[in-house]
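One structure is given here, and the rest of the page talks about it.
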Amino acid sequence: MFSLNYLTELKSDWRRAAAGALVFLFPIVVATTNGGGSIVYTLLLLLGFWLGRGWRGLDGWEKALMLGFVLVVAVNALSLVNSADLREGWRWVERYLRIALMIPLYLMLRRYGWALGRELVAGAMLATVVMMGQGWYQVAIGNQDRASGFYHWIVFGDLVVLWGAIALVYWLTAAKTRWNTLATAAALAAAGYASLLTMTRGAWLFLPVFLGLLLVLYGKALWADRRVAVALLAALLAGGWLAWQSERVQRGIGEGMHDIEVFMQQPEAATSWGIRLNLWRNSLLLAAEHPLLGTGLGDFHADMKRMAADGTSWSPGVAEYGHAHSIYFHSLATSGLLGLVAMVAAYLVLPFVYFYRRWRVAGPGWPAFYALGGLVAVTAFAVFGVSEALWARNPFVNSYVVTMAVLMAGSNNVKR
């Protein structure tokens, strides 16, 4: 993964070494430490403000992507005209601004031609092992029901699956040695075990989508190398069988099915999925009242309290929630159709199309890694966002910025 020439290159450019070290550290600390991801994000951002130049050198697609991030900030700020709680509303605008501030970081990476995929992969692999160890300690020694890292089991579970997926993409595209294969196998095993400890069903939902994406995009290449195809199939079957035999998987799926059954009979019951379904229904009701700009950023919690008190909501349990447990329903409720369309287009659709265009012309090795890795990362955030308000949590926001900046810039800068 790291050649002698590569290490010599790092030694000759301390700025490149500093950026690479920060990218390497990010996956390891973002879900396991108090504010570690925000610290790394801030340091990368400061480097970007210092070194980022070259807007005119970007192509049309790159400019459209960057301007899309700015558009999301503008549309959500516009929704504040309907907000009663402007302080909370501006806190939400700040989270969207965090994503728009990817621009100076991206300009720095493009200006110097840095492709930091090696650092991201190495950090992701080590992160899965660290997260497995932390999760095991919390469950086995700390007697927690679920591994949660420093923040929450949803953050922990989603991100460890994302890092494992990036490791697998690396193995499929850029891994060359037996040691690379062993490192990937260790990372996948660690990510799988850590995921089981979290019982994060939203992360598990991503797995079949991820595998389907790989088959659609990489199926011919896998079939061309029968040994790789057989090894991957055997690993998937073994992993799937072991997961299905896990008491935690059976319990997690069983609890989810039970929640839905209870909701069908008692929609007011405060179960995990029952609350989500109530929040989503309430979001649609709010959007019907304010279809264009929504009820206003920052007012969601107050709206839930009101709807719980006047009986509009089927469940009074929604009064405790300040977000809709979904990026789609939350955007629709708080910033209306304009906010939803802007968010989906800028954060998900345009990046996916961008990486797909790169994938169609990518050569083998690292070019393929950046393109396929970008497609997988965008898909992961799209799926995770179905059942979690990602932009309400800084670890998710920071992870989106770092992964997107590294993979997008790398897809342009990589030479081979």
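Which count do you get for residues in region 122-142 that are touching a residue at least 60 places away in the same chain (Cβ under 8 Å), among the aliphatic types (A, V, I, L, M) and either crowded, with 24+ Cβ neighbours inside 10 Å or out of contact with any helix residue (DSSP H, G or I) (no Cβ under 6 Å at 6 or more places or on another chain) (or both)?
Residues flagged as touching a residue at least 60 places away in the same chain (Cβ under 8 Å), among the aliphatic types (A, V, I, L, M) and either crowded, with 24+ Cβ neighbours inside 10 Å or out of contact with any helix residue (DSSP H, G or I) (no Cβ under 6 Å at 6 or more places or on another chain) (or both) within region 122-142 amount to 4.
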Region 143-157 residues that are under 13 Å from Met131 (Cα atoms) and among the hydroxyl-bearing types (Ser, Thr, Tyr), paired with ones that are part of a loop (DSSP other than H, G, I, E, B) and modelled with pLDDT of 90 or more (beta carbon under 7 Å, 6 or more apart): Tyr151/Ala31
Consider Glu119 against the criteria (1) crowded, with 22+ Cβ neighbours inside 10 Å; (2) of a type in the set (Asp, Glu); (3) free of Cβ contacts under 8 Å to residues at least 12 places away in the same chain: it satisfies all of them except one. Which criterion is unmet? (3)
Please report, ordered by residue number, the helices (runs of 4 or more DSSP H) entirely within region 155-267 with at least 3 residues that are more than 29 Å from Val30 (Cα to Cα), at pLDDT 60 or above and under 22 Å from the mean Cα position of the chain (by Cα). 201-224
Looking for whichever is small (Gly, Ala, Ser) and either closer than 21 Å to Val378 by Cα or in contact (Cβ under 8 Å) with a residue 60 or more places away in the chain (or both) here; the options are Ala319, Ala333, Ala346. Which one fits? Ala346
State which residue pairs qualify: first residue closer than 18 Å to Thr403 by Cα and inside region 164-191, second residue part of a loop (DSSP other than H, G, I, E, B) in any location, beta carbons under 7 Å apart, and separation of 6 or more residues or different chains. Thr173/Gly365; Ala174/Gly365
If only one of Val383, Val378, Val349 is over 13 Å from the mean Cα position of the chain (by Cα), within 20 Å of Gly212 (Cβ to Cβ) and among the aliphatic types (A, V, I, L, M), which one is it? Val349
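The values are calculated or read from the model by the stated rules, or taken from the named source; none is laboratory data. Quick caveat, the model's predicted, so the values are computed rather than measured. A quick note on method: Cβ atoms are made from the backbone with ideal geometry, for glycine too, and the neighbour counts reach across all protein chains shown.
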